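Enquirer: The structure is given below, and queries will be raised subsequently.
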Amino acid sequence: MCCAGLCSLAPRVAFADDYLAELRSRADAFDLARHRQWRLLLHYEPGLFAGVTSTADSNNFFLALNGKTRPRAELKATLRAFFGRRRAPAFSIPNADSSPATTG
């Protein structure tokens, strides 16, 4: 039973890999990383000498390690994240109970 369950996952994983490859190929073909909307979404501004740099200062904002200055790398990392393939976050979400109480 367990083997049958694992074997049935193989086509889904293969399909997901193929679909991810197709999305990445289309993103490259349409040069989406250079589109205005993508650059606005990630707060990219023209760099001092060349390229772009995001005004977002937190490393946790980006999925790609070099996403702050590489829109294409960030787009590819974002597509990977849709399929559960992303680097582990470098932070944890604080517990709501540990926040300081407000007085009023």
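Enquirer: In nm, to one decimal, how far is the modelled label at ARG24 from the one at PHE83, with both set 7 Å along Cα→Cβ?
Expert: The modelled label-to-label distance comes out at 0.7 nm.
Enquirer: Just add up the charged neighbours of TYR44: K/R +1, D/E -1, any other residue whose Cβ is under 15 Å from the Cβ of TYR44. Numbers along the way, then the final one.
Expert: Working: positive: ARG34, ARG36, ARG39, LYS68, ARG70, ARG72; negative: ASP31, GLU45, ASP57, GLU74.
Neighbourhood net charge equals +2.
Enquirer: Okay, moving on. Grab the eigenvalues of the alpha-carbon gyration tensor for the range 14-86, scale each by 5, take roots, and send me the semi-axes largest first in whole angstrom. If you can, show how the numbers build up before the last one.
Expert: On the way: eigenvalues 107, 40, 14 Å².
Values for the range 14-86, descending: 23, 14, 8 Å.
Bear in mind these aren't lab numbers, they're just calculated from the coordinates by the rules spelled out. Computed from a prediction, not measured in an experiment: that's the story for all the values here. FYI the Cβ positions are ideal-geometry reconstructions off the backbone, even for glycines, and counts take in every protein chain you see.
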